[in-house]
Amino acid sequence: TGYKPGTIHYFLVQPIAWKVLKSDPTTNTYFLQTEMIIDSRSFHYTNDTYQVDGKTYFATNYEHSEIRNWLNSEFIDLCFTDEEKAFIQETINKNEPVENYITSDLDFSDTTDYFFLLSYQEVISTEYGFLNGGLCDSTRFATATDLSNAKGLIKHTVNGKDSSIWLTRNSYEADRFAINYVGYDGLAINDFYPDADNVGIRPCCTITLNK
């Protein structure tokens with residue numbers, strides 16, 4: 001990616017730019033996603049099963065994932081003041097895969113989060129301004145920050161635009177070991193290992209502003 005391990009690099013810290021996916025003028029509420037890929041990190045620390053309170057989970061479980069914990073702890077505390085946090089609303093998220101292959105050994109519980117990743121169903125939703133279906137779509141292009149590039153996320157150029165891959169929060173067909181992601185060409189596909197850390201992160205949230 002042009003960055004060398006063991007070498008000190010400096011990055012300009014700038015305000016996060018947000019894309020409005022949906023708004024409700026009557027309540028002054030906005031559903032947001034970062035315009036850029038702001039970081040590169042793994043969905044979880046392992047591809048294998050793991051246990052929480054004696055229960056076994058697969059690596060594609062979002063509820064107990066490393067990325068969900070990071071978004072709602074380190075990320076929110078690092079990037080937002082207490083005044084800004086007051087505008088952020090809790091969002092209830094559905095985490096089941098798009099296909100109906102859920103079995104008794106898979107757990108796809110709903111989660112309530114301040115920050116989260118889009119689901120596969122959401123990244124193919126016209127309600128949020130995306131092309132319906134998983135085919136290539138320029139509305140899903142996202143430019144990587146220099147920081148995420150330095151951490152291993154590869155930058156591509158498609159039709160003259162910078163674009164890189166970014167994660168969703170679920171698998172496409174209840175695959176226990178593969179997370180769905182959006183390709184640099186705007187294709188919504190599956191098959192990224194949960195512990196791979198060279199994939200982009202675009203946090204989402206719901207905010208309500210004072211009238």
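Step by step: first the residues of the stretch 161-178, then only those that are surrounded by 24 or more Cβ atoms within 10 Å (Cβ to Cβ) and modelled with pLDDT of 90 or more, then the one that is nearest to Asn95 (Cα to Cα). Which residue is that? I'd like the intermediate steps shown before the answer.
First, pick out the residues of the stretch 161-178 that are surrounded by 24 or more Cβ atoms within 10 Å (Cβ to Cβ): 164, 166-171.
From what is left, the residues that are modelled with pLDDT of 90 or more are 164, 166-169.
On the way: Ser164: 23, Trp166: 17, Leu167: 14, Thr168: 10, Arg169: 7 Å.
Here the answer is Arg169.
Quick check on my filter: what residues within the stretch 23-55 are part of a strand (DSSP E or B) and among the basic types (Lys, Arg)? Break it down into steps so the answer makes sense when it comes.
To start, the set of residues in the stretch 23-55 that are part of a strand (DSSP E or B) comprises 23-24, 29-34, 37, 39-40, 50-52, 55.
Lys55, the sole residue that qualifies.
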Checked the stretch 74-92 for anything acidic (Asp, Glu) and farther than 15 Å from Asp39 by Cβ; matches are Asp82, Glu83, Glu84, Glu90
For Glu83, the lone unmet condition from (1) out of contact with any strand residue (DSSP E or B) (no Cβ under 8 Å at 6 or more places or on another chain); (2) surrounded by 18 or more Cβ atoms within 10 Å (Cβ to Cβ); (3) not in a loop (DSSP other than H, G, I, E, B) is (2)
In the set Ser171, Ser119, the lone residue that is of a type in the set (S, T, N, Q), within 21 Å of Ile67 (Cα to Cα) and in contact with a Lys or Arg (Cβ under 6 Å, 6 or more places away or on another chain) is Ser119
Note on Gln51: of the conditions (1) closer than 20 Å to Ile179 by Cα; (2) open to solvent by less than 80 Å² (accessible area, probe 1.4 Å), unmet is (2)
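Name the one entry in Thr46, Thr91, Thr56, Thr34 that is surrounded by 12 or more Cβ atoms within 10 Å (Cβ to Cβ), over 25 Å from Thr145 (Cβ atoms) and polar (S, T, N, Q). Can you show your working first?
Working: Thr91 fails: over 25 Å from Thr145 (Cβ atoms); Thr56 fails: surrounded by 12 or more Cβ atoms within 10 Å (Cβ to Cβ); Thr34 fails: over 25 Å from Thr145 (Cβ atoms).
Only one candidate qualifies: Thr46.
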Among (1) part of a loop (DSSP other than H, G, I, E, B); (2) touching a helix residue (DSSP H, G or I) at 6+ places or on another chain (Cβ under 7 Å); (3) among the hydrophobic types (A, V, I, L, M, F, W, C); (4) over 18 Å from Asp197 (Cβ atoms), Ile8 falls short only on (2)
Test: Asp39 is farther than 24 Å from Ser109 by Cα and open to solvent by less than 30 Å² (accessible area, probe 1.4 Å) = yes
Restricted to the stretch 174-187 and to residues being of a type outside the set (S, T, N, Q) and not in a loop (DSSP other than H, G, I, E, B), the residue farthest from Arg68 (Cα to Cα) is Val182
Ser171 meets each of (1) more than 11 Å from the chain's Cα centre (by Cα); (2) hydroxyl-bearing (Ser, Thr, Tyr); (3) not in a loop (DSSP other than H, G, I, E, B) with one exception, condition (3)
Residue hits (the stretch 127-168; out of contact with any Leu (no Cβ under 7 Å at 6 or more places or on another chain) and in a helix (DSSP H, G or I)) are Glu127, Ser138, Arg140, Asp146, Leu147, Ser148, Asn149, Ala150
When (1) open to solvent by less than 30 Å² (accessible area, probe 1.4 Å); (2) touching a Leu at 6+ places or on another chain (Cβ under 8 Å); (3) not in a helix (DSSP H, G or I) are applied to Val20, the one that fails is (1)
Just one listed residue, out of Thr56, Thr60, Thr1, Thr26, is in contact with a Gly (Cβ under 7 Å, 6 or more places away or on another chain), at pLDDT below 95 and farther than 16 Å from Phe115 by Cβ, and it is Thr1
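The values are calculated or read from the model by the stated rules, or taken from the named source; none is laboratory data. In this text, all values refer to a predicted model and were calculated from it rather than measured experimentally. Heads up, the Cβs are rebuilt from the backbone with ideal geometry, glycines too, and the neighbour counts pull from every protein chain shown. We work out accessible area using only protein heavy atoms, side chains counted, and drop any ligands, DNA or RNA first. Shrake-Rupley method; radii C 1.70, N 1.55, O 1.52, S 1.80 Å.
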